[in-house]
Structures are given as C-alpha cells and as structure tokens.
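Encoded as structure tokens, the structure appears first; notes follow it.
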Amino acid sequence: YNAKKPGIEFCFYSAQMNQKLQERTKLEFELWMALEREEFFLEYQPIVDARTGRIAAVEALVRWMSPERGRVMPDAFIPLAESTGIILPLGEWVLKTACTKLRQWLDAGGLPLRMSVNISGCQFMRSELCRLVEEAAEQSGVDLALLELELTETCLIKDVEETATKLWRLKGLNVSIGIDDFGTGYSSLQYLKNFPIDHLKIDRAFIRNVCELPDERAIVDAIIGIAKAMELHVIAEGVETLEQAEYLRHRGCDELQGYYYHRPLSEERLLEVLREERERLGIAAGAAGGGE
Ligand code: C2E
Ligand code: MG
Ligand code: MG
Ligand code: MG
C-alpha cells in the first residue's frame, strides 16, 4: 500500500472536477448569451389521433443553434438551465413563442390543433406560471383551451399542496395538464391522486419493446388501464413502428407520437405536412360527399 496514492488520486479527481466546473460555467455563460442573441428555436412534433391518424396536436421542443457548438439538443442544456435559473426566461420564451405560432397557423386557415409545451418541475415551482400563461394568451390571442402543459419531471415537485393550488388555477384558465414520461423518474401515482391531471404520456422507454417484452406490455397495459379508469386522456410517445402503433391503438391509447409518424419538424416542414393532410382530407371528403 502506497500512502502517497490517495493524494495522487485526489489531485487527479480534483483536476477533473475543476475542468467539469469550468465547462459548466462556460456553458452557463453561453446559455445566457444565447437568450440575449435569440439562438433558441422550436421544432414541433405532431401527435396523431390513434383512430383517425390525423394530427391532433403538436409538441414544442426547444433547440439551441450555438455559433460554437452547432445544433444542441435539450438534454444537453435543460438540466443546467434548470439549476441556474435560465429555465425561467427560456421557458417563458418557449411558452409565448409556441402560443404565437399556433395563433398564426390557425389564422392562416389551419385546422384546429392543440399545442403542447414542456414545463420542467423547477420552472413550475419557481415561476408564476399562471401569470405567464395569461400573458401568453393576451399577447398571442390564442384560445387557452388549445394549450396543454406537459409537466416534465426533471426536478422533484416537493410541495404537493402548493402544486395542487397552482394546477387548479391553471385549470381555471382552461389549460389542460398532463404528466410527461409517465412511469419513470419522479412521476408517480401520487400525482394522479392529488393533482387535476387531464392526460398521461407514457414514457417511450416502455413503448420501445412493447411488442416483444411481456413485462413492458404489462406496464403499458396497466398505465392505459389507470388512465381509462380515471377518465384521463392517454398518449404514447416514442412510437417507432407500425406494430407498436397497432398495439397501442387496440389497447385504447388515444393519441400517438413518434418517429413512425413524424420526427420533430421545423415550422416550414410542419406547415407543409399540415397542408398535405388538409388536401388529403379535402379529397377524401369530396369523394365521400359526391361533390359539393
Ligand atoms: P419529452 O418531452 O419527453 O420529449 C420527447 C423526446 O423524445 C424528444 O426529444 C423527441 O424528439 C424524442 N422522440 C420523439 N419521438 C421519438 C421516437 O419515436 N423515438 C425516439 N428515440 N425519440 C423520440 P428532445 O427534443 O431531444 O427533447 C428531450 C427532452 O427535453 C424532452 O423530453 C423534454 O423533457 C425536454 N424539453 C424539450 N423542450 C423543452 C422545453 O421547451 N422546456 C422544458 N422544460 N423541457 C424541454
Ligand atoms: Mg414532452
Ligand atoms: Mg416525454
Ligand atoms: Mg422524455
């Protein structure tokens, strides 16, 4: 045993930790700059009605176009945005931008569509979400019945009573509320008991092997069962194959989202996809109605 060794190891780890800390500080600085320079942008992933296959909603997903790092996905910056408070201005920007876009699309003659926005636990606890939602509605003119918030459990929601009060106030504004990544992380059955929830989104980890693994299937079936019993809307995310889509539809899943249908799309691409869908429906309706 060499008495010097722990010391050497200590130095090694401490240098590594120091580097990590420096990297975090640098990233934090860049994120504040990114807000200032408006380098964040949204993509929109369609959510389809399981029965009709029509696009019922889109989920806004934030990305960062960094001049230095290129395109950065949210998993690489949301956790730091949460721990530094950047999530507050960033989340406000996402909410307001998503509402403004939805209103623009509807004004341009789009079919009715809901907009889903992710709200992280920290953001939920620390921001005056009700006021922000009201502001977003005022600024955009969007009907709040079309807005749904996905509570993303990246931070533990601690105060159940305060959370319930906030959620009821949001419900008073006509906004619908869902639990994202249901079945993983911190989200739990407790939420269903205590909070006014409208929908559950089954985490894609359970969808991946739903056709192959009986255990995964049992979990998915159970979640759908709970949702049905509690009269909640149930959505599956991460649907990548026709088999998964068919299984979930047969089980009574209301809406499906995943690469099988659409990847997250730029605004331009989304509008194209919506236009194509409208044309297809128009043709189908014309054929069925025999000409009108
Ligand atoms: P999420 O809300 O659960 O979003 C689903 C993620 O799964 C998205 O990743 C989406 O691109 C990806 N996905 C969708 N369909 C499939 C599929 O069929 N297969 C696979 N493998 N992946 C699929 P993304 O865009 O990287 O977002 C990751 C997470 O970052 C989100 O998970 C959400 O928790 C968070 N996030 C994104 N935008 C925001 C935001 O504006 N605010 C907050 N607070 N969090 C956000
Ligand atoms: Mg989500
Ligand atoms: Mg999710
Ligand atoms: Mg997720």
- Conditions (1) within 19 Å of the chain's Cα centre (by Cα); (2) closer than 23 Å to PRO112 by Cβ -> LEU271 fails only (1)
- Message: Would you confirm, using the coordinates I've provided, whether GLY178 is closer than 19 Å to GLN123 by Cβ and in contact (Cβ under 8 Å) with a residue 40 or more places away in the chain?
- Response: yes
- Task: Name the helices (runs of 4 or more DSSP H) wholly inside the range 23-134 in which the number of residues that are in contact (Cβ under 8 Å) with a residue 40 or more places away in the chain, away from ligand 2 (no atom under 16 Å from the Cβ) and under 30 Å from CYS253 (Cβ atoms) is 1 or more.
- Result: 87-107
- Item | ALA245 surrounded by 13 or more Cβ atoms within 10 Å (Cβ to Cβ), more than 16 Å from ligand 4 (Cβ to nearest atom) and not in a loop (DSSP other than H, G, I, E, B) | yes
- Starting from residues that are β-branched (Val, Ile, Thr) and within 13 Å of ligand 1 (Cβ to nearest atom), keep the ones in the range 125-155 and report whichever is surrounded by the fewest Cβ atoms within 10 Å (Cβ to Cβ). THR154
- Mind listing whichever residues of the range 139-175 are in contact (Cβ under 8 Å) with a residue 60 or more places away in the chain and within 24 Å of LEU80 (Cβ to Cβ)? GLU150, THR154, CYS155
- Query: Considering GLU255, GLU240, which residue is farther than 22 Å from VAL94 by Cα, surrounded by fewer than 20 Cβ atoms within 10 Å (Cβ to Cβ) and out of contact with any Cys (no Cβ under 6 Å at 6 or more places or on another chain)?
  - Reply: GLU240
- Item | helices (runs of 4 or more DSSP H) within the range 136-207 that include 3 or more residues closer than 22 Å to GLU231 by Cβ | 160-172, 189-194
- How many of the residues making up the range 70-90 are closer than 17 Å to PHE41 by Cα and touching a Leu at 6+ places or on another chain (Cβ under 8 Å)? 6
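Each value in this text was obtained by applying a stated rule to the coordinates, not by laboratory testing. Remember, it's a predicted structure, so these values are computed and weren't measured experimentally. With ideal geometry, Cβ positions are generated from the backbone for all residues, glycine too; neighbour counts draw on all protein chains shown.
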